[in-house]
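Asks: Got a structure for you, questions after.
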Amino acid sequence: MTEEQLQWANRRSRAKRLLCVHFAAYLVVNALLVLIWARTSAADFWPVRPMLGWGIGVVAHAVSVYRR
């Protein structure tokens, strides 16, 4: 393996780890938002707005990591 290939593999590995951290944060924060919604007001499901907005960001992050 050349030095360039090694650097590319390291960057890709780091990008995948950061995507996992991003996705984990998305899940935890949105679960907390749903809990807050459930405990306070069961009328309008307002957590869907941040879920969709942030979800677009997570999908864009995943596409940037897994595209060639």
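Values quoted throughout were computed directly from the atomic coordinates according to the rules given, and no laboratory measurement underlies them. This is a predicted model, so every value here is computed, not measured.
Asks: Taking Cα atoms, how many degrees apart are the long axis of helix 3-40 and the longest axis of the chain, rounded to 10 and kept between 0 and 90?
Replies: Approximately 0 degrees, to the nearest 10.
Asks: Fully extended, how many nm does the chain gain between residue 11 and residue 46 (0.36 nm per residue separation, minus their Cα-Cα distance)?
Replies: Taking 0.36 nm per residue and subtracting the Cα distance, the gain is 8.9 nm.
Asks: Enter the angle in degrees (range 0 to 90, nearest 10) between the Cα long axis of helix 48-66 and the first principal axis of the Cα atoms of the chain, meaning the one along which they spread out most.
Replies: 10
Asks: Also, I was wondering about something else. For the chain, what value does the Rg/Rh ratio take when both radii are computed over Cα atoms and Rh is the Kirkwood radius, given to two decimals?
Replies: 1.22
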